[in-house]
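Worksheet: the structure to be examined is printed underneath.
The values are calculated or read from the model by the stated rules, or taken from the named source; none is laboratory data. For clarity, every value in this text was computed on a predicted model and none was experimentally measured. All Cβ positions, glycine included, derive from the backbone under ideal geometry; neighbour counts span all protein chains shown. Each accessible area value is taken on the protein alone, full model and side chains, heavy atoms only, with ligands, DNA and RNA left out. Shrake-Rupley method; radii C 1.70, N 1.55, O 1.52, S 1.80 Å.
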Amino acid sequence: MLSFKTLLQNSIKKKKNKKQQNKNKSNKRPKKNGCNFQINEQPTNYLEEDEQEEEEGGYSLRISAPSNNHGVQPLGNFFLSSSSHNSRDSGLGNLKILTDELVLDILGLLDGTDLGILATVSKSLYIFCTHEPHWRNLVLETLNGGFLYNGSWRKTYIAAHFPSFNDSSIGSSCGLVIRDFYSDFLFQSWLCANLEMKHEWLQRDNIQRRRGISVEEFIVNFEEPNKPVLLEGCLDTWVAKDKWDKDYLIKICGDVKFSVGPVDMKLEDYFRYSDLTREERPLYLFDPKFAEKVPMLGKEYEVPTYFKEDLFSVLGEERPDYRWIIIGPAGSGSSFHIDPNSTSAWNAVIKGSKKWILFPPEIVPPGVHPSPDGAEVACPVSIIEWFMNFYGATKDWKRRPIECVCKAGEVLFVPNGWWHLVINLEESIGITQNYVSRRNLLNVLEFLQKPNASELVSGTRDRVNLHSKFKEAIEAAFPGDIDQLVAKAEEKKKIRPFWETAADSNAGAFKFSFLG
């Protein structure tokens with residue numbers, strides 16, 4: 001959340017520059033819809049970049065952002081206001097002593113009818129009761145995936161439960177505008193939903209890129225040393241690269257439903273939602289059974305040659321979930337996580353583009369707080385919130401994160417144990433697979449036999465016995481390979497610095513979740 005100091009400074013800067021902004025207004029170029037960004041083909045000159053970052057400031061809203069958010073302002077504006085009145089407090093009565101988060105938690109216990117009635121009590125309660133996440137939860141809980149998104153979650157709920165009700169006055173761009181209402185929490189939620197990615201968040205590109213390298217080069221230079229790389233040209237022969245757009249996917253998938261956050265939805269309904277939504281944490285389509293549901297999808301892409309070895313395949317139908325189709329609008333994505341079961345992964349962009357930020361296993365990203373046992377990870381509510389509050393700190397680090405924008409036709413290799421965040425810069429379609437090769441087999445076996453494996457292991461019903469099943473299957477399919485890998489690892493330990501071996505012991509010990 002924006003600090004009071006930041007909000008106050010921004011407000012003062014706005015007042016100081018107001019005259020100059022008005023003066024220059026006629027000379028400004030209109031912004032384009034969606035994310036307006038440029039991609040550097042070559043790694044950025046970091047010295048020049050830092051100088052630019054110090055000079056840049058402020059945020060820009062998307063041109064498609066709602067014209068108002070019921071008048072909610074950041075709390076810093078209250079201290080600069082000529083009025084000493086905060087309608088937030090007067091409208092809550094004795095409840096004003098509660099934090100905004102607690103008020104929203106209490107209101108979250110109510111159903112749609114009660115929220116609608118309570119919204120008529122005062123202007124303050126109107127704002128709290130029309131908070132979109134309330135209505136999103138109600139729609140997902142009561143309708144599951146059987147809804148048609150209607151421009152806002154509140155309108156969607158009313159249209160489904162009260163079809164005869166005239167909802168023409170309901171919407172994110174209509175309704176009451178409340179004067180003198182100040183709330184950091186509510187303002188930040190709206191801001192994160194409508195903020196454009198800043199240029200400085202996109203311009204750093206320090207990942208290694210390769211095209212046409214051999215499998216041996218990939219193993220020696222990237223997989224064995226556990227380093228990320230962006231691979232170009234891997235999708236050139238994919239049927240999906242040319243055919244997978246909205247119309248085609250809707251046609252071949254028909255009424256099949258896919259996993260979207262906590263619900264299942266038809267693609268046609270999901271694309272309707274993704275076209276209209278503007279929220280802080282858009283629902284993300286992320287389905288591990290897509291190829292079983294629609295076999296044609298599984299035939300229209302192929303695993304890049306660098307990732308053909310996938311030892312989990314020895315388990316057959318008992319292997320953990322390993323491949324997903326991923327579809328989402330701009331702003332959707334996944335917050336910081338480490339991929340499951342200590343696996344490595346590859347992520348291919350078929351349509352759209354994605355911003356990636358990766359930290360090595362021994363460096364926990366700022367603002368991210370894993371639990372001591374590695375079972376849970378606490379991080380900012382949304383990806384944009386992380387960029388607003390924590391991204392700037394990384395420019396002063398000696399070991400900066402690996403960053404890039406992965407565009408259509410490109411594949412990113414994500415080594416095991418690496419923390420990573422991904423955000424779609426535009427509507428995107430992709431495929432990702434997690435895999436186990438001989439380079440990370442020992443890491444996976446070690447992870448699967450951790451004392452709390454029942455909490456850490458994911459993608460399978462038999463979490464406790466997965467280690468023994470996998471090890472036995474490997475020994476049967478590849479006799480002696482595990483012993484050879486153990487001997488090789490012992491030799492490496494004799495010549496590796498201690499801090500590297502210490503860092504390895506924690507790799508892959510965190511669950512992950514996708515926003516939505």
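Surface exposure of segment 70-201, expressed per residue as accessible area with a 1.4 Å probe, stands at 47 Å². Distance cut-off 23 Å, Cα to Cα: go down the list Lys227/Lys395; Lys243/Lys354; Lys227/Lys471 and report the pairs above it. Result: Lys227/Lys471 exceed 23 Å. Coupling constants for segment 321-329 follow from the phi torsions by the Karplus curve (6.51 cos²θ - 1.76 cosθ + 1.60, θ = phi - 60°), and in residue order they are 3, 9, 9, 9, 8, 10, 9, x, x Hz; glycine and proline get x. Cα-based values for segment 74-172, radius of gyration first and Dmax second, are 15.3, 49 Å.
Averaged over residues, the count of other Cβ atoms within 10 Å places the peptides 242-253, 222-233 in the sequence 222-233, 242-253, highest first. From most to least packed by mean Cβ count within 10 Å, the peptides 329-341, 75-87 give 329-341, 75-87.
Rounded to two decimals, the Cα-based Rg/Rh of segment 99-231, with Kirkwood Rh, is 1.23. Assuming charge only on the beta carbon of Lys and Arg (+1) and of Asp and Glu (-1), the dipole of segment 383-502 about its Cα centre is about 420 debye to the nearest 20. Net charge of the neighbourhood of Thr99, taken over other residues with C-beta under 15 Å away and scored Lys/Arg +1, Asp/Glu -1, is -3. What is the percent of Cα-Cα separations in segment 250-292 that go past 13 Å? For segment 250-292, the fraction of Cα-Cα distances above 13 Å is 54 percent.
Dividing the alpha-carbon radius of gyration of segment 371-434 by the rule-of-thumb value 2.2 N^0.38 Å gives 1.31. To the nearest 0.05, how large is the calculated FRET efficiency for Tyr248 and Thr305 if R₀ is 22 Å and r is the Cβ-Cβ distance? Efficiency, from the Cβ-Cβ distance: 0.25. Modelled spin-label separation between Leu61 and Arg210, with each label point placed 7 Å from Cα along the Cα-to-Cβ direction: 4.6 nm. Heavy-atom surface analysis with a 1.4 Å probe gives segment 376-503 a carbon and sulfur content of 53 percent of its accessible area. Ordering 394-402, 202-210 by mean Cβ neighbour count within 10 Å, with the highest value first, yields 202-210, 394-402. Convex hull of alpha carbon positions in segment 175-304: directionally averaged projected area 12.9 nm². The label point for Ser82 and the one for Phe478, both projected 7 Å from the Cα toward the Cβ, are 7.5 nm apart. Computed across segment 285-359, the Kirkwood hydrodynamic radius from all distinct Cα-Cα pairs reaches 14.5 Å. Taking 0.36 nm per residue of separation and subtracting the Cα-Cα distance, full extension of the segment from Asn166 to Asp396 would add 77.4 nm.
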